[in-house]
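J.: Below are the structure tokens for one structure; questions will follow.
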Amino acid sequence: MQTFKDVWTMVDEFCATKVGDVAYNMWIHTIEPVDFKNGEAVLKVPHNIHKKVIDQTYAELIKTAFQLIMGFPVGLRVLCEENPDLTGNHAIPAEPSGYEYTFDTYIVGSSNRFAHAASMAVAEKPSIVYNPLVIYGNSGVGKTHLMLAIYNHVKHKYPTKDILYVHSEEFISDFITDVHEGRMEEFRNRYRNVDILLVDDIQFIAGKEETQVEFFNTFNALHLNNKQIVVTSDRPPKDIKALDERLRSRFESGLITDIAPPEFETRVGIIKRKAQMIGLDIEDEVVYYIAENIKQNIRQLEGTVKKLQMNYKIDGLKPTIAHVQNVIRDIKNDFQPEPITVTKVIEEVGRTYSVSYDDIMSKKQNAPVTKVRQICMYIVREITDMSLEEIGANFGKNHATVLHSINKVAAIMEAQPKEKNVIEDIIKNLQTPID
């Protein structure tokens, strides 16, 4: 008879095939199964921010996994070890779960050689060379691996150094929460009293004026005190149109290096390394077939290997080319970007312009709220296939109002280049998967 812990192991393995390694190790693999009663799975996580991420991002995936494995719909309740009265509801995990993210497990090729060398130099001598270090490249090419490799190397070589790794979305959320709750001194102590600050996907702060000012001041405080800063982005700073010019200048004062999609030899090395790490035997012809058919995204390569292992453990299916063809098709479908919803647009625009979701969806007609609501409608029209009537239904407006809003925003963008840059960056960020 299977225990709940056994069921959770299968849920965990299923989720590992659906998300990238960084997200899996940081958010899902650290979940502890607690109990199953009255059709509800009870899970435990160590931090409030961890609970928030699971509830908002991964709850549906976990419930889907439970239903597939148990054969019926399962409720989900996530408990938290952290005492909110002591630490607040914004705590960041002290250490990223990335035991395998080291320089030893990073496959080096011509596409990433310079970024790898720069990251090793920073990890060996923080604040001495390349400060700040900016690494950019498309989603899934290995930027976060290098960030966590720096983290793990520094933790091993300099155990007394205080090092903080966050995603820019966490920095933004943390800042907004602490501003509203009057805890800015705590916020600044947390971010400015570290020896090394690592921030993933910095492009998401573009256009968010108050957040950019705070990050600029944080950057200056760290840099003036000879502390190391490393950031990643999906594009070079010069191409982040709504990035504060002062921040752009700070980033460009250090070293900017890119990571390109991996070439064939690097892809082969990544597949073999991943298979070796999880104990899966794959014939060379199968490895080459995977490498030939997945060319842009390292997470898809690793996801294919993980799914092959899962199928072997569950169904005894050995990796063959015929089997791999189906797995690759599934993996490519799994890694398709999630549809951009009206809610997601409203949340991103609202955060950029500091207007709440409730205000945007209300009947308020004051100029700032009206403008932001119009921008939301414009962006929904630009990046979805929704009709004017469908957009209007989501905002409680008729199609004529939606058309007026779209034309109004188009006119603003034509007359105001700065506003155009902000809106275009919002669209770019909405279309960019979070690493």
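The values are calculated or read from the model by the stated rules, or taken from the named source; none is laboratory data. Just so it is clear, the structure is predicted and the values come from calculations on it, not from any experiment. Here Cβ is always computed from backbone atoms with ideal geometry, including for glycine, and neighbour counts include all displayed protein chains. The protein model used for the area step is the full one, side chains on, heavy atoms only, and it has no ligands, DNA or RNA in it. Shrake-Rupley method; radii C 1.70, N 1.55, O 1.52, S 1.80 Å.
J.: Kindly indicate which of Asp195, Asp234, Asp162 is farther than 23 Å from Val355 by Cβ, exposed (fewer than 15 other Cβ atoms within 10 Å of the Cβ) and in contact with a strand residue (DSSP E or B) (Cβ under 8 Å, 6 or more places away or on another chain). Let's see the steps before the verdict.
T.: On the way: Asp195 fails: exposed (fewer than 15 other Cβ atoms within 10 Å of the Cβ); Asp234 fails: exposed (fewer than 15 other Cβ atoms within 10 Å of the Cβ).
Every option except Asp162 fails the conditions.
J.: Restricting to the range 59-73, what's the tally of residues that are among the aromatic types (Phe, Trp, Tyr) and surrounded by 10 or more Cβ atoms within 10 Å (Cβ to Cβ)?
T.: Just the residues of the range 59-73 that are among the aromatic types (Phe, Trp, Tyr), to begin with: 66, 72.
Checking the rest, the ones that are also surrounded by 10 or more Cβ atoms within 10 Å (Cβ to Cβ) come to 66.
Final tally of qualifying residues: 1.
J.: Which one of these does Asn398 not meet: (1) surrounded by 14 or more Cβ atoms within 10 Å (Cβ to Cβ); (2) more than 21 Å from Ala206 (Cβ to Cβ)?
T.: Asn398 satisfies all of (1) surrounded by 14 or more Cβ atoms within 10 Å (Cβ to Cβ); (2) more than 21 Å from Ala206 (Cβ to Cβ) except (1).
J.: Okay, moving on. Please list, ordered by first then second residue, the pairs with beta carbon atoms under 7 Å, 6 or more apart or interchain, first in the range 61-82 and free of Cβ contacts under 8 Å to residues at least 12 places away in the same chain, second crowded, with 17+ Cβ neighbours inside 10 Å.
T.: Listed by first residue and then by second, the contacts come to Gln67/Val74.
J.: Then there is this: In the set Thr211, Thr266, which member is open to solvent by less than 10 Å² (accessible area, probe 1.4 Å), closer than 25 Å to Ala149 by Cα and not hydrophobic (A, V, I, L, M, F, W, C)?
T.: On the way: Thr211 fails: closer than 25 Å to Ala149 by Cα.
On inspection, the qualifying residue turns out to be Thr266.
J.: Does Asp244 count as at pLDDT below 95 and open to solvent by less than 60 Å² (accessible area, probe 1.4 Å)? Before you say what the answer is, go through the steps one by one.
T.: Values: at pLDDT below 95: yes; open to solvent by less than 60 Å² (accessible area, probe 1.4 Å): yes.
Against the criterion (at pLDDT below 95 and open to solvent by less than 60 Å² (accessible area, probe 1.4 Å)), Asp244 qualifies.
J.: Could you check Ile346 against (1) open to solvent by 10 Å² or more (accessible area, probe 1.4 Å); (2) within 27 Å of Glu214 (Cα to Cα) and say which number it fails?
T.: (1)
J.: Let me ask another. Please specify each residue of the range 364-401 satisfying the condition of being under 26 Å from Glu210 (Cα atoms) and among the basic types (Lys, Arg).
T.: Scanning the range 364-401 gives Lys364, Lys371, Arg373.
J.: Hey, does the range 116-124 have a residue that's closer than 27 Å to Glu265 by Cα, touching a residue at least 60 places away in the same chain (Cβ under 8 Å) and surrounded by fewer than 23 Cβ atoms within 10 Å (Cβ to Cβ)?
T.: yes
J.: Additional query: Mind checking which pairs have a first residue in the range 313-332 that is under 16 Å from Thr17 (Cα atoms) and a second that is in a loop (DSSP other than H, G, I, E, B) and aliphatic (A, V, I, L, M), Cβ under 7 Å, 6 or more apart or different chains?
T.: Matching pairs, first to second residue: Pro319/Ile282; His323/Leu317; Ile328/Ile294.
J.: Could you tell me which residue of the range 267-302 is modelled with the lowest pLDDT, considering only residues that are touching a Leu at 6+ places or on another chain (Cβ under 8 Å) and of a type in the set (D, E, K, R)?
T.: Lys274
J.: Still on this structure, I have one more. Inside the range 137-151, can you point out the residues that are surrounded by 23 or more Cβ atoms within 10 Å (Cβ to Cβ) and either more than 23 Å from Glu263 (Cα to Cα) or not small (Gly, Ala, Ser) (or both)?
T.: Matches in the range 137-151: Val141, Lys143, Thr144, His145, Leu146, Met147, Leu148, Ile150.
J.: Still on this structure, I have one more. Which condition from (1) among the hydrophobic types (A, V, I, L, M, F, W, C); (2) open to solvent by 10 Å² or more (accessible area, probe 1.4 Å); (3) closer than 19 Å to Glu170 by Cα; (4) in contact with a Phe, Trp or Tyr (Cβ under 7 Å, 6 or more places away or on another chain) is the one that Ile28 breaks?
T.: Every listed condition holds for Ile28 apart from (2).
J.: Quick one: Asn189 ticks every box in (1) under 25 Å from Tyr158 (Cβ atoms); (2) in contact with a Lys or Arg (Cβ under 9 Å, 6 or more places away or on another chain); (3) open to solvent by 10 Å² or more (accessible area, probe 1.4 Å) bar one, so which box is it?
T.: (2)
J.: Go through (1) over 21 Å from the mean Cα position of the chain (by Cα); (2) open to solvent by 50 Å² or more (accessible area, probe 1.4 Å); (3) of a type outside the set (D, E, K, R) and name the single condition Asn220 misses.
T.: The one condition Asn220 does not meet is (2).
J.: Being open to solvent by less than 40 Å² (accessible area, probe 1.4 Å) and within 24 Å of Ala149 (Cβ to Cβ) narrows it down to one of Val42, Val19, Val11, so name that one. Even if it seems obvious, please write down each step before you answer.
T.: Values: Val42 fails: within 24 Å of Ala149 (Cβ to Cβ); Val11 fails: within 24 Å of Ala149 (Cβ to Cβ).
None of the other options fit; the residue is Val19.
J.: Looking only at the range 254-280, count every residue that is free of Cβ contacts under 8 Å to residues at least 24 places away in the same chain and in contact with a helix residue (DSSP H, G or I) (Cβ under 8 Å, 6 or more places away or on another chain) and tell me the total.
T.: First, pick out the residues of the range 254-280 that are free of Cβ contacts under 8 Å to residues at least 24 places away in the same chain: 268, 272, 276.
From what is left, the residues that are in contact with a helix residue (DSSP H, G or I) (Cβ under 8 Å, 6 or more places away or on another chain) are 268, 272.
Summing the residues that are free of Cβ contacts under 8 Å to residues at least 24 places away in the same chain and in contact with a helix residue (DSSP H, G or I) (Cβ under 8 Å, 6 or more places away or on another chain) in the range 254-280 gives 2.
J.: If I filter the range 355-371 for residues that are of a type in the set (Val, Ile, Thr) and open to solvent by 60 Å² or more (accessible area, probe 1.4 Å), do I get at least one hit? If you could, list the steps in order and put the result at the bottom.
T.: From the range 355-371, those of a type in the set (Val, Ile, Thr) are 355, 360, 369-370; that's our starting set.
So of that shortlist, the ones also open to solvent by 60 Å² or more (accessible area, probe 1.4 Å) come out as none.
No, the range 355-371 contains no residue that is of a type in the set (Val, Ile, Thr) and open to solvent by 60 Å² or more (accessible area, probe 1.4 Å).
J.: Residue pairs, Cβ under 8 Å, 6 or more apart or interchain, first in the range 224-253 and acidic (Asp, Glu), second part of a loop (DSSP other than H, G, I, E, B) and open to solvent by less than 10 Å² (accessible area, probe 1.4 Å). List them.
T.: Asp234/Gly137; Asp234/Asp201
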